[in-house]
Amino acid sequence: QHSSSGMIHPSVGRTDGWTTARVSQAWDYSLYRPNDFKTWVEIQWTHPLWYNRRGHRLDVNTPSMVTQRVPPEQIRHSHTPSEAHRQPVLTLFHVRWGGEQPVNPVTEGAGGWGAIGSTPSDNYINGWEDNIFQTLGPTYEIYSAFIQNSAELKKLSPPLLRHLFRGQHIGALYFLWPISFQDGHEYPAYVDRPKLFDLMIQMEATGIPTRFPHQSHLYRVFASKEWTAQMCLHPLLKTPLTTQVSRQAIVSDPGKAAETAMCALRHLSETRSAWGFGPSWWPDAPRPAPVLRGVAKLGWSWEAMDVQAWRNKQELQTSLANLIEQPGSNVDLCFVQEWVEFDVEMRHFIVEPDLSNPQSLKPKRIIYTVFKSREHGSFRNFDRYDRKACLKTCFQNDDAALADAERQAEELIVRWLSWFQCITHELPTVTRFDILTKRIGPGRAAVATGELTELGGCFLGWPKGPATVFAAMLRSCFKDPLPQ
């Protein structure tokens with residue numbers, strides 16, 4: 001309603017909802033064909049203030065700039081009672097990237113995000129918004145904040161924003177990636193973690209629930225990856241042994257840090273053996289099992305950017321230094337993890353789980369993937385398969401062994417969902433469980449936990465993934481009554 005909202009960053013305004021306009025050309029309904037936009041109604045927007053995400057004002061005095069064709073189903077008479085005059089059933093607030101460099105949707109390749117695009121991209125957000133309209137029709141509104149840098153997150157005022165929202169239900173969605181690095185990098189939509197979480201917590205304190213990806217406390221569990229170290233000695237959760245190496249140790253003496261990290265893994269292996277179990281993927285391993293190689297990785301990292309393999313102390317020392325000493329790094333620790341031998345990684349999509357309904361704990365889809373190359377020790381590229389191709393390529397056509405792996409994976413996932421109930425009173429709307437699987441003999445397999453992936457993880461070519469997940473996200477927006 002005021003020019004400063006669009007001009008002064010961060011730009012904040014309504015990006016979806018009813019807006020005033022006038023019909024600018026005579027229209028004949030008998031000529032209307034829904035699939036031909038040239039037969040739609042031509043209108044001119046009459047609202048005086050329009051800005052793009054970068055804060056540039058639209059010249060409303062130039063007719064071509066405010067003229068558009070819209071389907072007649074999206075038009076209501078201004079003086080006739082309709083949805084346009086009613087309280088919206090839902091108001092959403094989207095926090096998204098508005099910098100000069102757009103987000104690359106990374107749609108191509110086996111490791112790409114597919115047509116829906118990466119989470120912060122326009123492709124993904126447009127797909128989500130299309131799903132809302134197809135489901136609810138013109139009964140909702142969306143306000144958006146376009147962020148150009150991390151500092152702008154602190155300029156948003158949740159109490160004032162709350163006064164804007166008129167919906168019967170409200171929710172906030174954060175289409176950004178929190179990292180432990182200062183601004184100044186070349187990656188759009190990557191923002192300083194503490195600043196994003198400060199905003200999320202303040203929004204939640206104002207009664208604006210987070211609907212994407214997760215409530216702030218649960219999102220922290222996923223993104224920090226600290227669960228790997230916390231749960232690696234639990235025999236039922238089959239997590240690789242993991243220790244956390246402080247940044248100060250790496251900076252002071254990376255060689256000593258590598259040596260003590262490997263020593264910590266040996267001690268963990270001894271403890272695991274003393275507690276009566278060994279590595280799940282190596283059933284005949286000696287006790288304690290030797291830890292001769294592994295991976296080093298960072299939390300608060302995305303798209304497998306900060307995962308490096310090591311095979312000896314020197315390689316671990318190099319990986320620790322490379323991961324910690326990146327430009328602008330505010331990283332406080334690095335994870336060092338034992339290596340897991342596996343044939344295939346099974347990605348299980350669990351949607352709207354309910355521990356009282358066993359059927360809801362079954363995966364909506366399983367994607368089978370195998371990393372095919374390592375770039376400088378990092379894992380970036382992989383092949384993905386359906387079950388039939390996985391059986392042939394990875395499991396020597398041993399259907400019984402693959403079925404055994406799938407059974408064990410589902411049991412493991414139920415255990416993790418039960419653990420989630422400790423972390424949050426409401427189970428996550430969507431989680432992708434990445435389970436590492438190895439055939440260990442005829443009709444037999446072993447499994448281990450690879451990753452717990454938050455809502456917003458890559459669909460990995462699942463054709464019905466976006467529609468399934470977006471529908472669950474939208475349902476989650478209606479599960480709570482509006483705070484009074």
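The values are calculated or read from the model by the stated rules, or taken from the named source; none is laboratory data. None of the values given here were measured: they were computed from a predicted structure. Please note: Cβ atoms are built from the backbone with ideal geometry, for glycine as well, and neighbour counts cover all protein chains shown. Heads up: the accessible areas ignore ligands, DNA and RNA and are worked out on the full protein's heavy atoms, side chains in. Shrake-Rupley method; radii C 1.70, N 1.55, O 1.52, S 1.80 Å.
At-a-glance table
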quantity	calculated
Neighbours by Cβ (under 7 Å, 6+ apart or cross-chain): first from the stretch 258-276, modelled with pLDDT of 95 or more; second open to solvent by 80 Å² or more (accessible area, probe 1.4 Å) and not in a helix (DSSP H, G or I)	SER273/ARG287
Odd one out for TRP302, checked against (1) in a loop (DSSP other than H, G, I, E, B); (2) closer than 18 Å to LEU268 by Cα; (3) of a type outside the set (A, V, I, L, M)	(2)
Which numbered condition THR67 misses (of (1) β-branched (Val, Ile, Thr); (2) closer than 30 Å to PRO481 by Cα; (3) surrounded by 14 or more Cβ atoms within 10 Å (Cβ to Cβ))	(2)
Selected residue [of a type outside the set (Asp, Glu), touching a Lys or Arg at 6+ places or on another chain (Cβ under 6 Å), open to solvent by 50 Å² or more (accessible area, probe 1.4 Å) and at pLDDT 95 or above] from LEU153, LEU236, LEU173	LEU236
Complete set of residues in the stretch 409-467 that are touching a strand residue (DSSP E or B) at 6+ places or on another chain (Cβ under 8 Å), more than 28 Å from THR393 (Cβ to Cβ) and of a type in the set (Gly, Ala, Ser)	GLY456
Qualifying residue in the stretch 96-119 (condition: hydroxyl-bearing (Ser, Thr, Tyr) and open to solvent by 70 Å² or more (accessible area, probe 1.4 Å))	no
Residues located in the stretch 39-78, provided they are hydroxyl-bearing (Ser, Thr, Tyr) and not in a strand (DSSP E or B)	THR39, THR46, THR62, SER64, SER78
Pairs where the first residue, in the stretch 142-161, is in a loop (DSSP other than H, G, I, E, B) and the second is of a type in the set (Ser, Thr, Tyr), C-beta under 9 Å, 6+ apart	GLN148/SER11
Tally of residues being under 17 Å from VAL331 (Cα atoms) and in a helix (DSSP H, G or I) across the stretch 241-257	8
Pick from the stretch 201-233, criterion out of contact with any strand residue (DSSP E or B) (no Cβ under 9 Å at 6 or more places or on another chain) and β-branched (Val, Ile, Thr), ranking: surrounded by the most Cβ atoms within 10 Å (Cβ to Cβ)	THR206
Residue check, SER24 touching a residue at least 24 places away in the same chain (Cβ under 8 Å) and either of a type in the set (D, E, K, R) or crowded, with 17+ Cβ neighbours inside 10 Å (or both)	no
Members of the stretch 457-484 found to be crowded, with 19+ Cβ neighbours inside 10 Å, in a loop (DSSP other than H, G, I, E, B) and modelled with pLDDT of 95 or more, listed by number	CYS477
For TRP40: the one exception among (1) over 35 Å from the mean Cα position of the chain (by Cα); (2) open to solvent by less than 50 Å² (accessible area, probe 1.4 Å); (3) not polar (S, T, N, Q)	(2)
Residue satisfying condition, being among the acidic types (Asp, Glu), crowded, with 18+ Cβ neighbours inside 10 Å and touching a residue at least 40 places away in the same chain (Cβ under 8 Å), within set ASP198, ASP183, ASP192	ASP192
Members of the stretch 306-330 that are open to solvent by 60 Å² or more (accessible area, probe 1.4 Å) and part of a helix (DSSP H, G or I)	LYS313, GLN314, THR318, ASN322
